[in-house]
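The structure appears right after this line, and notes come after that.
The values are calculated or read from the model by the stated rules, or taken from the named source; none is laboratory data. Since the model is a prediction, treat every value here as computed from it, not as a measurement. When we count neighbours, we look across all protein chains shown, and the Cβ atoms used for this are built from the backbone with ideal geometry, even at glycine. Note: accessible area is taken over every heavy atom of the protein model, side chains too, but ligands, DNA and RNA are not part of it. Shrake-Rupley method; radii C 1.70, N 1.55, O 1.52, S 1.80 Å.
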Amino acid sequence: THIENWARHLRAAGQPDTTIALRTYHLKRCARELQLDLVDVTLEDLETWIGNPDWKPATKRSYRASLRVFWAWAMATGITTTSPAHLLPSVRVPRAIPRPVPVDVYAAALRVADDRVRKALRLGKECGLRRGEIARVKREDVEPDLVGYALRVMGKGGHVRLVPLP
């Protein structure tokens, strides 16, 4: 029930459905694997759980963020008076090494793709769009600029940017 109420709160705050789904999944998994009601969870429980040696740093960081946001809400609404999540140590994520698609793989994909998929591939490679950004592109997002056309892209966190089109 607490998780559903928190999801309603996130929705009211304008969080994207994808973020709400991820955050609620994190909390449900935590509760299920700890086999505890979330209000009974301790710092030691969370440290043991999030200290899973099989998890990559980015996974730990994401779970930590969800836990902290949930417990901040739980404290603000009076469900609990303390937050075990706010004492969790921060998780440093090493900078990832870029892994671009090899040129021959990209060329082969272009050869077999239909027109729609070819455009999506080009938006990724030539314009640097993320897959979710590509999926949301609409004709109305294309606008003239000083040297041709640009694409208005809604990125992470609701940030809008103009990307020149080749």
Exercise for review: Please work out if residue 72 is more than 15 Å from residue 89 (Cα to Cα), among the small types (Gly, Ala, Ser) and surrounded by fewer than 19 Cβ atoms within 10 Å (Cβ to Cβ).
Suggested key: yes
Review point. Do any residues in the stretch 64-90 that are more than 15 Å from residue 10 (Cβ to Cβ) have Cβ atoms under 6 Å from those of residues that are of a type in the set (S, T, N, Q), where the two are at least six apart or on different chains, and which pairs are they?
Key: 75/83; 84/42
**Study point:** Criterion: within 21 Å of residue 156 (Cβ to Cβ) and among the small types (Gly, Ala, Ser) - qualifying residue of 76, 58
**Key:** 58
Revision key, fill the gap. Being among the small types (Gly, Ala, Ser) and either open to solvent by 70 Å² or more (accessible area, probe 1.4 Å) or more than 30 Å from residue 128 (Cβ to Cβ) (or both) narrows 66, 83 down to just 83
Review point. Residues that are open to solvent by 100 Å² or more (accessible area, probe 1.4 Å): which helices (runs of 4 or more DSSP H) entirely in the stretch 91-136 hold 2 or more of them?
Key: 103-112, 115-127
